[in-house]
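Single-structure report; data block below.
The values are calculated or read from the model by the stated rules, or taken from the named source; none is laboratory data. Since the model is a prediction, treat every value here as computed from it, not as a measurement. Ideal geometry is used to build each Cβ from the backbone, glycine not excepted, and the neighbour counts take in all protein chains shown.
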Amino acid sequence: MRQSQIKRTTKETDIQLSLDLDGGISKISTGIGFFDHMLNSFAAHSGFALEVSAQGDLHVDGHHLVEDVGIVLGQALKEALGGKIGIRRFASSFIPMDEALCFTAADLGGRAYFVYDVIMPQERCGDYDTCLTEDFLRSFSFNAAINLHVRCLYGQNAHHITEAIFKSLARTLKDAVKLEGDILPSTKGVL
């Protein structure tokens, strides 16, 4: 059962999230329309079932909510992977979105590291600050304990760039969590 359920409540946010790596129905509500669109795209292209109910201090801005969803999604992925026996572990994906081309590579080996090489040409997509994509991904990678590299090779539209990032992350994780056998993918004997 590669599933997890996480709840996180702080003075700034209240988040409930469930994740099933083997698929199912997704339902997402964060109060930030563009972020919901990105998380729905992530769920669709990863093949994961993702349910997110998140409320936060959006009267301030979206930072706390987006960052905390990244924290909870990272914790959920780590928990759902369990002992990581048989997973592929490494994966990468290029995704084009109109004029934009983005790349994501990941190692689910248990050591957190994050590289983000993206320039956003616009500051906002609807009610979403585009700088929050980096915060979301950093929180996600460190809480999932994964090595995550994200790069936009080129693009002129922040919507297309952000969507290509979320889709490339989804495709990368879809491949990395695939089961290929019954051994731990490590020469150290531990992940």
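Figures for the structure shown
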read-out: Residues within segment 62-104 that are of a type outside the set (Lys, Arg) and over 14 Å from Lys167 (Cβ atoms), tallied; value: 26
read-out: One residue from Arg151, Arg124, Arg138, Arg111 being among the basic types (Lys, Arg), within 24 Å of Ile71 (Cβ to Cβ) and within 14 Å of the chain's Cα centre (by Cα); value: Arg138
read-out: Subset of segment 22-38 [surrounded by fewer than 22 Cβ atoms within 10 Å (Cβ to Cβ) and either outside any helix (DSSP H, G or I) or touching a Phe, Trp or Tyr at 6+ places or on another chain (Cβ under 8 Å) (or both)]; value: Asp22, Gly23, Gly24, Ile25, Ser26, Lys27, Ile28, Ser29, Gly31, Gly33, Phe34
read-out: Failed item in (1) under 12 Å from the mean Cα position of the chain (by Cα); (2) buried (at least 19 other Cβ atoms within 10 Å of the Cβ); (3) closer than 30 Å to Met1 by Cβ, with Ala91 passing the rest; value: (1)
read-out: Count of segment 136-164 residues which are in contact with a Ser or Thr (Cβ under 6 Å, 6 or more places away or on another chain) and of a type in the set (Val, Ile, Thr); value: 2
read-out: Matching residues, segment 89-117, being without any contact (Cβ under 8 Å) to a residue 60 or more places away in the chain and farther than 21 Å from Lys178 by Cβ; value: Ala112, Tyr113, Phe114, Val115, Tyr116, Asp117
read-out: Some residue of segment 64-80 being over 13 Å from the mean Cα position of the chain (by Cα), modelled with pLDDT of 95 or more, among the aliphatic types (A, V, I, L, M) and outside any strand (DSSP E or B); value: yes
read-out: Out of Gly126, Gly189, Gly82, Gly86, sole residue that is of a type in the set (Gly, Ala, Ser), more than 20 Å from Ala44 (Cα to Cα) and without any contact (Cβ under 8 Å) to a residue 24 or more places away in the chain; value: Gly189
read-out: Options Arg171, Arg138, Arg124: the member that is basic (Lys, Arg), touching a Phe, Trp or Tyr at 6+ places or on another chain (Cβ under 6 Å) and either surrounded by fewer than 22 Cβ atoms within 10 Å (Cβ to Cβ) or within 15 Å of Asp36 (Cα to Cα) (or both); value: Arg138
read-out: Hits in segment 39-63 (condition: in a helix (DSSP H, G or I), within 14 Å of the chain's Cα centre (by Cα) and surrounded by 15 or more Cβ atoms within 10 Å (Cβ to Cβ)); value: Leu39, Asn40, Ser41, Phe42, Ala43, His45, Ser46
